[in-house]
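The values are calculated or read from the model by the stated rules, or taken from the named source; none is laboratory data. These figures come from a predicted structure and were not determined experimentally. Positions of Cβ are backbone-derived with ideal geometry, glycine not excepted, and every protein chain shown enters the neighbour counts. Side chains included, ligands, DNA and RNA excluded: accessible areas come from the protein's heavy atoms. Shrake-Rupley method; radii C 1.70, N 1.55, O 1.52, S 1.80 Å.
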Amino acid sequence: MSAAGAVRVRPHQPGADIALIECGLGVHDAPLSTAFVCVGDEISTEGEEGFLRGHGTQVVDGKLVATVCGVVERVNKLIYVKTLNSRYNAEQGDVIVGRVAEISGKAWRVDLKSRQESKLLLSAVHLPGGVQRRRNAEDELNMRFFFREGDLISAEIQSVHGDGSVALHTRSAKYGKLTHGQLVEVPPNLIKRQKQHFHTLEALGVELIIGCNGLVWVAPLRADRVAAEIGMDAKEAASEATATGPPPSKAQLEVVCRMANAVRVLTRLYMPVYPASIMAVYEAAMDDNVELRDMLEPDFLAVVVKQEAQRRSSAMQE
């Protein structure tokens with residue numbers, strides 16, 4: 001096997017990333033207000049008379065102990081444990097990326113990596129060309145023409161019912177099936193909620209969909225996405241989407257892989273994932289001429305941590 005095609009095996013080093021973060025940020029001795037705890041660890045309540053026991057805590061033999069792994073948070077007299085890696089809780093209006101798991105009746109069941117069951121009704125999908133009409137029996141027979149089992153889709157949370165089930169919709173041309181890209185899974189609590197979760201980076205030829213459920217989609221920029229940005233109507237955008245264009249170039253695919261690795265770097269370092277942070281990691285790799293395969297190596301992770309430490313220091317001075 002040639003050197004270029006060799007598979008690189010990285011040794012597993014438990015706690016290496018956390019040690020690297022602590023070294024870069026200078027937080028070896030975290031204060032009690034931000035202490036990490038595991039199940040069964042005692043939480044100090046010294047000097048806090050009349051404290052309120054919150055989520056993730058329990059009083060055992062007169063001592064406050066943690067029932068989940070996470071960070072101890074204190075708000076006035078309330079003490080609770082915020083979990084580091086919890087499952088996604090759907091909220092109305094969230095943009096999500098999910099995978100079609102099953103077709104049943106007049107709905108698709110979509111896996112959101114959540115504890116709640118989610119469905120996309122046939123009446124809630126965007127018809128080709130933006131046609132507005134009632135769905136009929138023929139549409140029900142041709143449901144696999146829209147989405148098949150295993151397809152990745154982008155959608156929006158339409159409503160969350162009282163029993164915990166989630167209703168989705170794709171009534172806009174920007175939602176729908178996702179192809180020819182990379183899917184990166186991150187903890188949902190690292191996703192920074194913003195007004196826009198669809199981002200087109202025309203200079204790089206890349207589109208980003210940052211799902212609130214922790215699934216991030218990185219792909220070459222599609223023609224219909226550009227059409228939507230310049231205000232083209234639904235029919236014209238649909239024709240642009242169906243038109244067969246040239247395949248992505250090698251340079252464009254490399255940019256997609258670099259952006260996906262930037263998301264993975266932020267995940268490894270437990271940093272918030274949003275467009276500005278992703279671009280900061282991408283630009284740091286380009287400025288230092290870091291190879292694509294070396295972006296997840298400890299040397300570059302240390303560079304990102306140092307850059308974040310400098311940013312926080314300057315922000316505190318301001």
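Per-structure values
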{"quantity": "Phi-based couplings in Hz for the stretch 49-60 (Karplus 6.51, -1.76, 1.60; Gly and Pro marked x)", "calculated": "6, x, 5, 9, 7, x, 4, x, 10, 7, 8, 10"}
{"quantity": "With every protein chain in place, the stretch 68-168: carbon and sulfur % of accessible area (1.4 Å)", "calculated": "46 percent"}
{"quantity": "Rg over Rh, two decimals, the stretch 91-192 (C-alpha only, Kirkwood Rh)", "calculated": "0.95"}
{"quantity": "Across 77/113; 113/250; 113/177; 106/195, pairs whose alpha-carbon gap is larger than 22 Å", "calculated": "77/113; 113/250; 106/195"}
{"quantity": "Environment charge at residue 188 (Cβ cut-off 15 Å; Lys +1, Arg +1, Asp -1, Glu -1)", "calculated": "+2"}
{"quantity": "Highest to lowest packing among 93-101, 191-199, scored as the average C-beta count within 10 Å", "calculated": "93-101, 191-199"}
{"quantity": "Protection proxy ranking, peptides 135-141, 35-41, 265-271, 173-179, average beta carbon neighbours within 10 Å, highest first", "calculated": "265-271, 173-179, 35-41, 135-141"}
{"quantity": "Computed E for residue 58/residue 302 - FRET, C-beta separation, R0 51 angstrom, nearest 0.05", "calculated": "0.85"}
{"quantity": "Net lengthening on full extension, residue 44/residue 314 (0.36 nm per residue, minus Cα-Cα)", "calculated": "93.9 nm"}
{"quantity": "Charge sum, other residues only, whose C-beta stays under 15 Å from residue 169's C-beta, Lys/Arg counted +1 and Asp/Glu -1", "calculated": "+4"}
{"quantity": "Mean accessible surface per residue for the stretch 27-186, computed with a 1.4 Å probe while every protein chain stays in place, in Å²", "calculated": "59 Å²"}
